[in-house]
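Engineer: The structure is given below, and queries will be raised subsequently.
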Amino acid sequence: MSVLRHAVAAMLLLGSDAALAQTVTAYQSGLRIAQGRGYANAGCYAQVFAKHAVVVERADGRRNWHAASTPAYNAEQRSRCGIDRLADVSSRRAMRATAMRPARPASSAYATGLQVASEYGHGGSRAACFARVFSTYASTSQRRDGRVYYIVEGRSVPVYALELRSSCGISL
């Protein structure tokens, strides 16, 4: 029984060493995440993140704060901060999947936006609105294989989704 206690104590000490080695606090990390996603109440998100976060060491030796997507964590973000993490994660995944489209040499971001809109079953003024918003937020990116894509990425994704919803009435 005492061997088990020593093992648990050693694990706790190792975990606290990892946390002490961090140069960024869990709150700061949560704040950076919330700001990157465009949340209006970033401070609240950061407080809840800090409460649930643990230090995780990557294979390359770097350490980062991580808050697992547990029911308790998601419920606290929703009730305290008004952030529905599951809907946000789903929306960002959909954006990543649909925002990266091959760019043809003679194609424009607007034309690519029309193509994406038609794939989602939108036509007429809704497709034009989708294409207008897509062309505003899309940038070109080159992949390793040399192909060029239009992509909406990073901090633009939540704003892009909000603009599609408010201007065009389209939710992805």
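The values are calculated or read from the model by the stated rules, or taken from the named source; none is laboratory data. Treat the numbers as computed from the prediction; the structure is a model and nothing was measured. Cβ atoms come from the backbone with ideal geometry, glycine included; neighbour counts cover every protein chain shown. For the accessible areas, the whole protein counts, side chains as well, though only heavy atoms, and no ligand, DNA or RNA atoms are used. Shrake-Rupley method; radii C 1.70, N 1.55, O 1.52, S 1.80 Å.
Engineer: Can you figure out the FRET efficiency of Tyr27 with Tyr149, using R₀ = 45 Å and their beta-carbon distance, to the nearest 0.05? Intermediate results must be reported in sequence, preceding the final value.
Structural biologist: Working: r = 36 Å, r/R0 = 0.79.
E between Tyr27 and Tyr149, to the nearest 0.05, is 0.80.
Engineer: Mind listing the phi-derived Karplus ³J(HN,Hα) values for the stretch 65-80, rounded to whole Hz, using 6.51, -1.76 and 1.60 with θ = phi - 60°, and x for any glycine or proline?
Structural biologist: 7, 9, 10, 5, 7, 8, x, 5, 5, 4, 5, 5, 4, 5, 6, 7
Engineer: Extension gain Ala68-Glu119, at 0.36 nm per residue separation less the Cα-Cα distance, in nm?
Structural biologist: Extra length available between Ala68 and Glu119 comes to 15.0 nm.
Engineer: Show me 111-119, 160-168 ranked by packing, highest mean number of other Cβ atoms within 10 Å first. It would help to have the intermediate numbers written out before the result.
Structural biologist: On the way: 111-119: 18.9, 160-168: 17.1.
Order by mean packing, descending: 111-119, 160-168.
Engineer: If you don't mind, another one. So, for the stretch 127-172, what is the accessible surface per residue at a probe of 1.4 Å, expressed in square angstrom?
Structural biologist: Numbers: 2570 Å² over 46 residues.
For the stretch 127-172, the per-residue accessible area is 56 Å².
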